[in-house]
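> Mind having a look at this structure? Questions to follow.
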Amino acid sequence: MGPCETMTLPESSTPEPSSPEEPGQSSTAPASRYETEIERDSRPWLSRLISQLVLRRNGSLRENLEHVLAADYGGDANFSPEERVLLGNILRLREVRVEDVMVPRADIDAVDENISLGDLMEEFRASGHSRMPVYHETLDDPRGMVHIKDLLSFFTGALNGTPHGVEESPGDANAAAKAGDDDDHEPVHLDLARPLAGLDIIRTVLFVPPSMRAADLMAQMQASRVQMALVIDEYGGTDGLVSLEDLVETVVGDIEDEHDEDEEPMLVRQGEGAWVADARVTIEDLEAELGAGFDVGELSEEIDTLGGLLFTIVGRVPVRGELISADMIPGLEFEVMDADPRRVKRVKIIREGAEGLPTADARRRARKIDGEEQAAE
C-alpha cells in the first residue's frame, strides 16, 4: 500500500453500540420537556428551575424566571407553593426600599446613654430585643447601639475582676480560686446604678437613607458585620430602624423565636359594620376589607396607614375618644380608642347605618355625656 493510499473498512465492520432495552420501552430517551410530573418532583427545585429556563431561551434570565413561575401556576407541580413564594420574593427584592421594611420611629425601642445598668437590663427584658439603639437626649442624636451580650460580658468581667472584653485564662482562674481559699476577700459588688455612657460597650450602627434599596443594605450589613441601621431623613432626623432580620424576612417571611409573643391582628371585624383596627394597619388592607366604599383617592400616594389617614384628616394627632369622619370617605366613622400625645394606637371603624349600631349623633351625645360626668367628678 502506497503512502498516499488509505484503507476503507466496510460499514459492517464498525457495529454501533447498543444498550439493553426493557420490553415495551422506546430506544429513544424522552426529551426533558416531556418528563413526567414524578420525574420533575424527584429533582431539587433548583435543577427543575434551570431545566425550565433552558427550554425558554428568549429574553433575560429574570423574564424567563418570571415566565416559568407564571406559566406553571396551578396544577403543575414544577414548584411547591413555598418555593414559588421564595422565588417571587427574591425577584421583588430589588424593588423593595428601606422605608418599606423599616420599623417606624414611634415603634423604636431605644435607651438614653445615661440609663443605669439596672434599668437597661429591665429594658432588654421588657422589649425582648438583643440590640437597642442608644441616643443622647433624643433619638435624633443617636450614639450607636448596645448588645445584650456585651452587657452580660461586662457583668461577668466585673464579677470576676477582669476588664470588659478580656477573657480570664484557666491559670488565672485557678490562682484566683486558690487565693480565695487562703484569704478572706470581701464579696464583689456590682453597681447597677452606673450609667451606660461610662462603659465601653456602645457599638456603631449604620446610617442609611429611606430610599436605599433593601438588597444593597443587606450586602452592606454583611460586609460591615453590623446588623442594625438607623434610617435618617433629609433633615438629619431619625425616621426608622432596620435590622438584618427585617431584611431577611422580606424573602423568607416572618421569623419568630422562643421569646416572640403572638401579636393581636391588625384588623378585627366586630359584627356587621364594625371593625377594630391597629392604627398601623395599611391602607391596602383596609381597602381589601372594607370594599370599594373605602377610597382615599390621591392621599394613597402620601399616606400608608390608618393613623396617617386620621392625622391628615384632622391636621393633628387625634385624642382618645374623638369621633372622626371625612367627606372623602362617606359612610364611615372612626372612633379613636387609644392614643397618646405622639400617635394614634387603636381605632374603631363604624359603617354608618349598619343594623344594630347607634347612629353617629347618638354616639356623639354619649361621648358628650361621658365627658361632662368625668369633669364633674
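Here, each number is a calculation from the coordinates, and none is a lab measurement. Treat the numbers as computed from the prediction; the structure is a model and nothing was measured. All Cβ positions, even for glycine, are placed from backbone atoms using ideal geometry, and neighbour counts span all protein chains on display.
> Under the Karplus relation 6.51 cos²θ - 1.76 cosθ + 1.60, θ = phi - 60°, what is the ordered set of whole-Hz ³J(HN,Hα) values for the range 332-340, x standing for Gly and Pro?
Using θ = phi - 60°, the values come out as 10, 10, 10, 10, 6, 8, 8, 7, 10 Hz.
> Which cross-chain or sequence-distant (5 or more) residues have an amide H under 5 Å from the amide H of residue 239, H modelled 1.01 Å from N in plane?
Hits under the 5 Å cutoff: 231, 232, 233.
> Would you mind calculating the gained length between residue 285 and residue 122 on full extension (0.36 nm times residue separation, minus the Cα-Cα distance), in nm to one decimal?
Stretched fully, the residue 285-residue 122 segment lengthens by 55.2 nm.
> 5 Å is the cut-off here: which amide hydrogens, built 1.01 Å from N in the peptide plane, fall below it relative to residue 345, excluding neighbours closer than 5 in sequence?
The list, which skips near neighbours in sequence, is 338, 339, 340.
> Another question, if that's okay. Mind listing the long-range amide H neighbours of residue 322? Cut-off is under 5 Å, sequence gap 5 or more, other chains count too, H placed in the peptide plane at 1.01 Å from N.
Excluding prolines and chain starts, which carry no amide H, the hits are 336.
> So, one more: How much length is gained on full extension from residue 244 to residue 155, taking 0.36 nm per residue of separation minus their Cα-Cα distance? Kindly include the intermediate steps, with their values, before the conclusion.
Details: separation 89, 0.36 × 89 = 32.04 nm, distance 2.68 nm.
That works out to 29.4 nm of additional length.
> If I model a spin label as a point 7 Å beyond the Cα along the Cα-Cβ vector, how far apart are those points for residue 256 and residue 95 in nm?
My value for the distance between the label points is 2.8 nm.
> Counting other beta carbons within 10 Å of each residue's own, what order do 250, 138 fall into, fewest first?
138, 250
> On to the next question. When the Karplus curve 6.51 cos²θ - 1.76 cosθ + 1.60 is applied with θ = phi - 60°, which whole-Hz ³J(HN,Hα) does each residue of the range 229-246 get, with x for Gly and Pro?
9, 9, 8, 10, 7, 5, 9, x, x, 7, 9, x, 9, 9, 10, 4, 5, 4
> Could you rank the peptides 295-302, 223-230 by their average count of other C-beta atoms within 10 Å per residue, with the highest value first? Don't jump to the answer; show the numbers that get you there.
Values: 295-302: 11.9, 223-230: 16.5.
Highest mean packing first, the order is 223-230, 295-302.
> Pull out the extension gain between residue 219 and residue 299, defined as 0.36 nm times the separation in residues minus the alpha carbon to alpha carbon distance; nm, one decimal. Before the final figure, lay out each step's value.
Working: separation 80, 0.36 × 80 = 28.80 nm, distance 3.37 nm.
Stretched fully, the residue 219-residue 299 segment lengthens by 25.4 nm.
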